[in-house]
2 protein chains.
Amino acid sequence: MRLVRIIIMPKEGLLDPQGRAVEEMLRDNGFNVKNVRVGKVVEMEVPEEVDLKLIVEKYIINPLIEDYEIEELQGK
Amino acid sequence: MRLVRIIIMPKEGLLDPQGRAVEEMLRDNGFNVKNVRVGKVVEMEVPEEVDLKLIVEKYIINPLIEDYEIEELQGK
């Protein structure tokens, strides 16, 4: 098995109401932050030979509105 | 400014109903995955000298139930 992390973000240019809300809250509290985006992360152990692209694109994300990247964490 | 990514996961040992649901759905579809955990990710641009620990621990996560790590993406 290997341990993977999938980072899922709203596509560039799409509205991100959660990110907007966090940005506004932080700015109201005096922090000069910009371009806040909120996404999801899924970590899981998968078999070595699994078709991770299929899992992610068919079952986990909505490719119309989300982009993703995969990080390999340590194997197990 | 620098671009940072905050990875927020449910603490080890805490129930993670979203992760459980994703794991069950993937196993029902024939994928032999294990230990699925679902968390959040926040990306933002912050000033160089900002107290990122304060922002994250006071405003973004709930330290009772969530752990986090910070990744530095490229500066801007």
Legend entry - Residue list for segment A:20-51, filter: surrounded by 14 or more Cβ atoms within 10 Å (Cβ to Cβ) and either part of a helix (DSSP H, G or I) or more than 7 Å from every other protein chain (Cβ to nearest Cβ) (or both): A:Val22, A:Glu23, A:Met25, A:Leu26
Legend entry - Filter result for the condition that a residue is at pLDDT 95 or above and in contact with an Asp or Glu (Cβ under 8 Å, 6 or more places away or on another chain), over A:Met1, A:Met44: A:Met44
Legend entry - Single condition B:Ile55 does not satisfy, out of (1) in contact with a Lys or Arg (Cβ under 7 Å, 6 or more places away or on another chain); (2) surrounded by 13 or more Cβ atoms within 10 Å (Cβ to Cβ); (3) closer than 26 Å to A:Arg27 by Cβ: (1)
Legend entry - Only one of B:Arg2, B:Arg20 that is without any contact (Cβ under 8 Å) to a residue 24 or more places away in the chain and of a type in the set (D, E, K, R): B:Arg20
Inset, instruction - State yes or no: is B:Leu3 aliphatic (A, V, I, L, M), in a helix (DSSP H, G or I), open to solvent by less than 70 Å² (accessible area, probe 1.4 Å) and within 10 Å of chain A (Cβ to nearest Cβ)? - result: no
Legend entry - One residue from A:Leu64, A:Leu14 being part of a loop (DSSP other than H, G, I, E, B), open to solvent by 80 Å² or more (accessible area, probe 1.4 Å) and more than 7 Å from chain B (Cβ to nearest Cβ): A:Leu64
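The values are calculated or read from the model by the stated rules, or taken from the named source; none is laboratory data. In this text the structure is predicted, and so the values were computed from the model without any measurement. As a convention, Cβ positions derive from the backbone with ideal geometry for all residues, glycine included, and neighbour counts pool all protein chains shown. Ligands, DNA and RNA are stripped out before the accessible areas are found, and what is left, the full protein with its side chains, is counted by its heavy atoms. Shrake-Rupley method; radii C 1.70, N 1.55, O 1.52, S 1.80 Å.
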